[in-house]
């Protein structure tokens with residue numbers, strides 16, 4: 001059974017190019033994004049790591065740490081970062097987990113269906129799928145996305161989803177389709193009109209169950 005929304009993520013101790021990390025300690029009081037890749041020195045993954053590196057200031061603004069996962073070893077990760085920085089034009093300052101034993105890939109259910117043998121083992125050439133996990137300061141999974149090996153991820157969407165989570169969690173609102181920072185938010189249907197007025201002031205009632213209001217500060 002894979003991780004589900006609101007599950008506490010495994011507190012694994014992992015080796016990275018930044019040294020040994022215990023995941024829960026590393027997350028601390030921050031938000032965190034864990035993103036996996038099948039292998040170092042591969043084309044799609046290099047473009048993605050470059051995109052993550054370019055967004056370093058945006059992650060920091062949102063109090064969010066990022067960490068990569070790949071099945072190769074620490075020394076390969078260190079060498080690969082040279083290619084990542086050449087492509088992306090930005091320092092890849094985040095750690096990359098050396099998941100050569102597939103411990104993280106299995107714990108986060110990041111292997112494709114054909115990676116498992118009938119007896120439950122995994123073949124040596126199994127490839128970790130390219131997943132994104134957004135984790136809250138409470139160490140719980142808030143959102144996950146999984147892509148096939150051939151389709152590069154849109155990290156602008158990962159950033160938008162992170163903004164939506166940080167807006168909605170703890171503020172009693174939801175975000176509509178295509179929401180971006182500064183747009184109106186949705187008042188949950190469980191909140192009465194009277195309570196909505198008391199909490200949010202004026203709002204726009206589009207449908208009996210669909211009401212929007214300015215995003216709370």
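Condition check for residue 109 on (1) farther than 23 Å from residue 161 by Cα; (2) at pLDDT below 90; (3) surrounded by fewer than 16 Cβ atoms within 10 Å (Cβ to Cβ): one failure, at (1).
Considering only residues in segment 87-106 that are assigned to a loop (DSSP other than H, G, I, E, B) and modelled with pLDDT of 90 or more, the one that is farthest from the chain's Cα centre (by Cα) turns out to be 89. Checked against the criteria, residue 145 does not count as assigned to a loop (DSSP other than H, G, I, E, B), at pLDDT below 95 and within 19 Å of the chain's Cα centre (by Cα).
If a residue has to be in contact (Cβ under 8 Å) with a residue 12 or more places away in the chain and within 23 Å of residue 163 (Cβ to Cβ) to count, how many in segment 181-217 make the cut? First the steps, then the outcome.
Within segment 181-217, the first condition is being in contact (Cβ under 8 Å) with a residue 12 or more places away in the chain, and the residues that meet it are 181-189, 191, 193, 196, 199-201, 203-205, 209-216.
With within 23 Å of residue 163 (Cβ to Cβ) added as a condition, the list becomes 181-189, 191, 196, 199-201, 203-204, 210-216.
Counting residues in segment 181-217 that are in contact (Cβ under 8 Å) with a residue 12 or more places away in the chain and within 23 Å of residue 163 (Cβ to Cβ) gives 23.
Among the strands (runs of 3 or more DSSP E) confined wholly to segment 1-65, which include 3 or more residues that are within 16 Å of the chain's Cα centre (by Cα) and either surrounded by 17 or more Cβ atoms within 10 Å (Cβ to Cβ) or without any contact (Cβ under 8 Å) to a residue 12 or more places away in the chain (or both)?
Numbers: elements: 13-16, 19-22, 31-36.
Where strands (runs of 3 or more DSSP E) fall fully within segment 1-65 and carry at least 3 residues being within 16 Å of the chain's Cα centre (by Cα) and either surrounded by 17 or more Cβ atoms within 10 Å (Cβ to Cβ) or without any contact (Cβ under 8 Å) to a residue 12 or more places away in the chain (or both), they are 31-36.
The values are calculated or read from the model by the stated rules, or taken from the named source; none is laboratory data. Computed from a predicted model, the values in this text were never measured in an experiment. As a convention, Cβ positions derive from the backbone with ideal geometry for all residues, glycine included, and neighbour counts pool all protein chains shown.
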